[in-house]
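For reference, the structure discussed in these notes is given below.
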Amino acid sequence: MKVGVSSACQGHGRCLIFDLAVLEADDLGFVQVVGDGTVPDGEHEAVRLAAANCPERAIAVEEA
């Protein structure tokens, strides 16, 4: 599974409540992907929930 964040992110941070190792806030509060966006085992459901809770739908999840 891979995750990405588009420029539609408005920095609400709702996705960050899921304490993911693959997403973090930058200095302005906008969410960005850590590393190459590969989601570690055990965090797949949290990434799906983070994407579902984004008001702008800025988080894309690629199931692979």
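What the table shows:
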| quantity | calculated |
| --- | --- |
| Test set (1) surrounded by 11 or more Cβ atoms within 10 Å (Cβ to Cβ); (2) at pLDDT below 95 - Leu23 fails condition number | (2) |
| Condition check for Phe30: aromatic (Phe, Trp, Tyr), over 8 Å from the mean Cα position of the chain (by Cα) and open to solvent by less than 60 Å² (accessible area, probe 1.4 Å) | no |
| Filter result for Val3 (free of Cβ contacts under 8 Å to residues at least 60 places away in the same chain, among the hydrophobic types (A, V, I, L, M, F, W, C) and part of a strand (DSSP E or B)) | yes |
| Matching residues in segment 1-12 - criterion: being more than 15 Å from Asp41 (Cα to Cα) and either of a type in the set (A, V, I, L, M, F, W, C) or open to solvent by less than 80 Å² (accessible area, probe 1.4 Å) (or both) | Gly4, Val5, Ser6, Ala8, Cys9, Gly11 |
| Subset tally (residues that are in a helix (DSSP H, G or I) and either in contact with a strand residue (DSSP E or B) (Cβ under 8 Å, 6 or more places away or on another chain) or open to solvent by less than 60 Å² (accessible area, probe 1.4 Å) (or both)) for segment 33-64 | 6 |
| Check on Cys15, open to solvent by less than 60 Å² (accessible area, probe 1.4 Å), assigned to a loop (DSSP other than H, G, I, E, B), touching a helix residue (DSSP H, G or I) at 6+ places or on another chain (Cβ under 7 Å) and not hydroxyl-bearing (Ser, Thr, Tyr) | no |
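The values are calculated or read from the model by the stated rules, or taken from the named source; none is laboratory data. Predicted model, so just to flag it, every value in this text is computed and none were measured. All Cβ positions, glycine included, derive from the backbone under ideal geometry; neighbour counts span all protein chains shown. In case anyone asks, the SASA skips ligands and DNA or RNA and just uses the protein heavy atoms, side chains included. Shrake-Rupley method; radii C 1.70, N 1.55, O 1.52, S 1.80 Å.
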